[in-house]
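Below: the structure, in structure tokens.
The values are calculated or read from the model by the stated rules, or taken from the named source; none is laboratory data. None of these values were measured; they are calculated from a predicted model. Here the Cβ is made from the backbone with ideal geometry for all residues, glycine too, and neighbour counts use every protein chain on show. To get the accessible areas, we keep the full protein, side chains included, count just its heavy atoms, and leave off ligands, DNA and RNA. Shrake-Rupley method; radii C 1.70, N 1.55, O 1.52, S 1.80 Å.
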Amino acid sequence: MTAAATAPQERGTDISELLGLHTRGAQLILAVYVVSNVMFVAATANRLDHVWPAYLAVALVTVGGFVVTRPHADPFPRGLTFAVLGIVVASSALVLYALPDTGALGRATWYLGANTWLLWFLILRRRILLAWAGGIAMLVETIVWAQYAGRGALDGLVLASPQVLLLAIATLFGGALRRATWRINALARRSVDAAAAAGAVAAAREVQDQRADELAEVVVPVLTVLASGKPLDDATRAEIMRVEAQLRDSVRGHGLALPPIVAAATRARSRGVNVTLLDDLGVPLSPLETDAVVRAVEDALDAAADGTVTARLLPPGREELLTVVSLGATDVSRVALPRGAAA
């Protein structure tokens, strides 16, 4: 549950997923883009001074189309971004070289729309400044060509300036998409947090129910005997003392109230040993730590013939995880389990 729950928080939804770049619809749009560019070149080939640069340019923008629609977490990789910008600059130069100096151009300026489409995707994929740099480079190329072709710089500006407006629209649209992704991710995080909280509550309730069942199993028989009002014999008194000790262990020494330790403590108490279990750690033990703790406490309890045995899980931050102190009639022993020794 934990791994699944944290995944959306770490990654979340990005614009590429909202655009559905991995879907058949995106592939269809890319196919329309490629076919349209090829048709524009073929339909205007008779107007061009040089045909081969236009076909080379359409090959470049086709590659660029496949690159910018490649599924990838945003922001778009910087290396691929510069490759697309190189395609924009190179394809613009090739088409401008092929255009005639005089006459109507019509769809022969298809490179403007094709490259703006590439820059659109760069903007949407969080490469705004670099995309604008590519758009300005394409605008400057067009103005310089128009000036040297005798058409005038103003004509070049008029020809390419609509693309600037399209880039501005893409920037605004991209901002709206980013805000949408932020809201989606915020909602996803809240839902994950709510699910985690609900799971924690359910787990706590399950533990409480389990503890209540365990308590009832131990205490109810003794309470039934006490409530009956019958005289208590020595065996009954011993059983009541055993239950009292077990309850004390489960409360004060919760982390040590494990079945093997409880059994060893019961055996030791039956021999007259005073057993005290203390849990000052307050957090669950790892499986390896549990095995080491059980062995240490069980060995100390089984070795005690009289006196007292105190086993204590130490608070966090101490060098030692566990201490077991045995006070016998003639000797004193202390066993310490270093923290991390069981790992």
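Residues that are over 14 Å from TYR111 (Cβ atoms) and in contact with a Phe, Trp or Tyr (Cβ under 6 Å, 6 or more places away or on another chain): does region 67-74 have at least one? Scanning region 67-74, I find at least one residue that is over 14 Å from TYR111 (Cβ atoms) and in contact with a Phe, Trp or Tyr (Cβ under 6 Å, 6 or more places away or on another chain), so the answer is yes.
Could you tell me whether region 167-187 includes any residue that is closer than 25 Å to VAL38 by Cα, modelled with pLDDT of 85 or more and either touching a Phe, Trp or Tyr at 6+ places or on another chain (Cβ under 8 Å) or surrounded by fewer than 18 Cβ atoms within 10 Å (Cβ to Cβ) (or both)? The answer is yes, given that some residue of region 167-187 is closer than 25 Å to VAL38 by Cα, modelled with pLDDT of 85 or more and either touching a Phe, Trp or Tyr at 6+ places or on another chain (Cβ under 8 Å) or surrounded by fewer than 18 Cβ atoms within 10 Å (Cβ to Cβ) (or both). Just to be sure before I move on: is VAL140 open to solvent by 30 Å² or more (accessible area, probe 1.4 Å) and modelled with pLDDT of 90 or more in the structure I sent? So VAL140 passes the test.
The conditions of being surrounded by 13 or more Cβ atoms within 10 Å (Cβ to Cβ), at pLDDT 75 or above, assigned to a helix (DSSP H, G or I) and among the aliphatic types (A, V, I, L, M) are met by LEU157. Can we say LEU105 is modelled with pLDDT of 90 or more and either under 23 Å from ILE143 (Cα atoms) or open to solvent by 10 Å² or more (accessible area, probe 1.4 Å) (or both)? Answer is no for this residue.
Given (1) open to solvent by less than 50 Å² (accessible area, probe 1.4 Å); (2) assigned to a helix (DSSP H, G or I), identify the lone condition not met by LEU278. Status for LEU278: all satisfied but (2).
Taking ASP306, is it open to solvent by 50 Å² or more (accessible area, probe 1.4 Å), assigned to a loop (DSSP other than H, G, I, E, B) and within 22 Å of SER333 (Cβ to Cβ)? Yes: the conditions hold for ASP306.
Provide a single number: the residues in region 114-156 that are within 39 Å of the chain's Cα centre (by Cα) and not basic (Lys, Arg).
Of the residues in that region, 21 qualify.
So, in region 143-152, of the ones that are aliphatic (A, V, I, L, M) and modelled with pLDDT of 90 or more, which residue ends up nearest to GLY174 (Cα to Cα)? Step through it out loud before you land on a result.
Restricting attention to region 143-152, the residues satisfying the condition of being aliphatic (A, V, I, L, M) are 143-144, 146, 149.
With the extra rule that they be modelled with pLDDT of 90 or more, the set shrinks to 143-144, 146.
Numbers: ILE143: 28, VAL144: 30, ALA146: 32 Å.
If we take residues in region 143-152 being aliphatic (A, V, I, L, M) and modelled with pLDDT of 90 or more, then ILE143 is nearest to GLY174 (Cα to Cα).
From the list ALA114, ALA83, the one residue that fits, being assigned to a helix (DSSP H, G or I), open to solvent by less than 60 Å² (accessible area, probe 1.4 Å) and touching a Ser or Thr at 6+ places or on another chain (Cβ under 8 Å), is ALA114. Within the bounds of region 278-297, is there any residue that is more than 41 Å from the chain's Cα centre (by Cα) and free of Cβ contacts under 8 Å to residues at least 40 places away in the same chain? The answer is no; no qualifying residue exists.
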